[in-house]
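First comes the structure, then the notes that go with it.
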Amino acid sequence: MADALDETVTGGESFAIPSLVNLRDIGGCRSSFGGVVRTGVVFRSTDLSRLTDTDVETLDALSIATVFDLRTLEEQQRRPDRVPDGARHLGLDVLADRQSGSIAAALPELVSDPELVAQTLGDGRAVEYLRQSYREFVTLPSAVASYRTLTSTVAHGDVPGLVHCSAGKDRTGWAAASLLLFAGADQEAVFADYLRTNDELLPHFDDFFARFASLGGDPDLITPLLGVRREYLEVAIEEALSRYGTIEQYFAAGLGLDDDTLQSLRTRLVDSNVTA
């Protein structure tokens, strides 16, 4: 297992599991509360539907207690997770209250029609779709309920937890970023962790881009959907701060966590006995 690790500037360990890309530990960076964000508590990844037998055994070594599946019900049914041995699967449909659901679920069919992609995503519409999605991660009732369940479960010790959506970048990206901010991570370290997805995930879409181009499509139209941009996460942070003033108040007033849960969550996430 040690040979599969890659220590980065953010401190998070990246695990080279071929059938589960973008898998990494969100912990390891310095916390403003003293010490570091604890490792071995929250991991993030793409969905677990493609896990091979060999990779399941590798993932089992992380002793995952809870898999937080942030996908829509349609996505979960289409590509069911292969849950690690002994782990509980918790389906949390962040976008349940969005009428249009998740474009990720329709993307494979959508890109078979380059003309439809141009009509749907051209002229900046792909970027605006993502910007609106990140606002809704903060505001949608289903998102609030999902992130409340996730954070309270982490707080009360049903960890290690593995958080994922479809590509492990947007719904998962906000989960990881908000937890890191709450744990006192420097904002630039949070953005660095978030943007790592472009290095860890985008290369795996090379064949996808090539097939789309072979049909006459412009890969630049779908790149905003398959990667991440700093501006996307900035939208969610700004939405949380404009509504609640601080990240702490987003967790307290926005997600409705009580004082005991907030304290337990911070204790769970911050290791004050380690010097960064």
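The values are calculated or read from the model by the stated rules, or taken from the named source; none is laboratory data. Note that the structure is predicted; figures quoted are calculated from it, not measured. Quick reminder, even Gly has a Cβ in these numbers, built from the backbone with ideal geometry, and neighbours come from all protein chains shown. Accessible surface areas use protein heavy atoms only, side chains included; no ligands, DNA or RNA. Shrake-Rupley method; radii C 1.70, N 1.55, O 1.52, S 1.80 Å.
Under 15 Å from a point 7 Å along the Cα-to-Cβ line of PHE33: which residues of the range 173-195 have their amide N that close?
Zone members listed by number: 178-186.
Place +1 on the Cβ of every Lys and Arg and -1 on the Cβ of every Asp and Glu in the range 157-276, take the dipole about the Cα centre, and give the residue among ALA183, ALA236, PHE205 whose Cα lies farthest towards its positive end.
PHE205
With +1 assigned to the C-beta of every Lys and Arg and -1 to the C-beta of every Asp and Glu, and no other charges, what is the dipole magnitude of the range 32-159 about the Cα centre in debye, to the nearest 20?
Values: 13 positive and 19 negative charges, 104 e Å.
So the magnitude is around 500 debye.
Using the crude model of +1 on Lys and Arg Cβ and -1 on Asp and Glu Cβ, and no other charge, please compute the dipole size for the range 164-276 relative to its Cα centre, in debye to 20.
180
Test of understanding: express the Cα radius of gyration of the chain as a ratio to 2.2 N^0.38 Å, with N the residue count. Could the numbers behind the result be given before it?
Values: Rg = 18.0 Å, N = 276, 2.2 N^0.38 = 18.6 Å.
Its radius of gyration relative to the 2.2 N^0.38 Å reference: 0.97.
For VAL235, what is the net charge nearby, where nearby means another residue's Cβ is under 12 Å from its Cβ and Lys, Arg count +1, Asp, Glu -1?
On the way: positive: ARG131, ARG135, ARG229, ARG230; negative: GLU128, GLU136, ASP170, GLU231, GLU234, GLU238, GLU239.
So the surrounding residues net to -3.
Could you please put TYR194, TYR129 in sequence from largest to smallest accessible area, using a 1.4 Å probe?
Working: TYR194 0, TYR129 50 Å².
Sorted by accessible area, descending: TYR129, TYR194.
After finding the eigenvalues of the alpha carbon gyration tensor for the range 165-224, what semi-axes result from the square roots of 5 times each, listed largest first in whole Å? Don't skip to the end; give the middle numbers.
Working: eigenvalues 180, 20, 15 Å².
Computed over the range 165-224, the values are 30, 10, 9 Å.
Between GLY245, THR172, ALA16, whose Cα lies farthest towards the positive end of the dipole of the chain when Lys and Arg beta carbons carry +1 and Asp and Glu beta carbons carry -1, centred on the Cα centre?
GLY245
What net charge do the residues around ASP170 carry, taking every other residue with its C-beta under 15 Å from that of ASP170, with Lys and Arg at +1 and Asp and Glu at -1?
Local charge sum for ASP170: -1.
Given a 1.4 angstrom probe, I'd like the percentage of the accessible area of the chain that is carbon and sulfur, rounded to a whole number.
Carbon with sulfur: 48 percent of the solvent-accessible area.
Among VAL154, PRO141, VAL111, which residue has its Cα furthest toward the positive end of the charge dipole of the range 104-184, with +1 on Lys/Arg Cβ and -1 on Asp/Glu Cβ?
Result: VAL154, furthest along the dipole toward the positive end.
Under a no-solvent Debye model with one identical scatterer per Cα of the range 118-203, what's log10 I(q)/I(0) at q = 0.18, 0.21, 0.24 Å⁻¹?
Each listed q maps to, in turn, -0.92, -1.18, -1.37.
Given the rule -39500 (n - 2.57) for each run of at least 4 DSSP H residues, summed and divided by the residues of the chain, what is its mean residue ellipticity at 222 nm, to the nearest 500 deg cm²/dmol?
Computed mean residue ellipticity for the chain: -14000 deg cm²/dmol.
Once you list every other residue whose beta carbon is under 12 Å from the beta carbon of VAL67, what net charge do they have if Lys and Arg are +1 and Asp and Glu are -1? The partial results should precede the final answer.
Details: positive: ARG44, ARG71, ARG82, ARG88; negative: ASP47, ASP69, ASP81, ASP85, ASP158.
Overall, the nearby charge balance is -1.
Can you tell me the convex hull volume per residue for the range 180-276, based on C-alpha atoms, in Å³ to the nearest whole number?
Value for the range 180-276: 131 Å³ per residue.
Provide, in order from the shortest bin, the percent of all Cα-Cα pairs of the range 48-193 in each 10 Å bin, continuing until the bin that contains the maximum pair distance.
10, 36, 35, 16, 2
Mind jotting down the three principal axis lengths of the range 34-127 based on Cα atoms? Whole angstrom, largest first.
In descending order, the Cα extents are 46, 39, 24 Å.
Based on alpha-carbon centroids, what's the gap between the range 19-90 and the range 226-276 in Å, whole number please?
20
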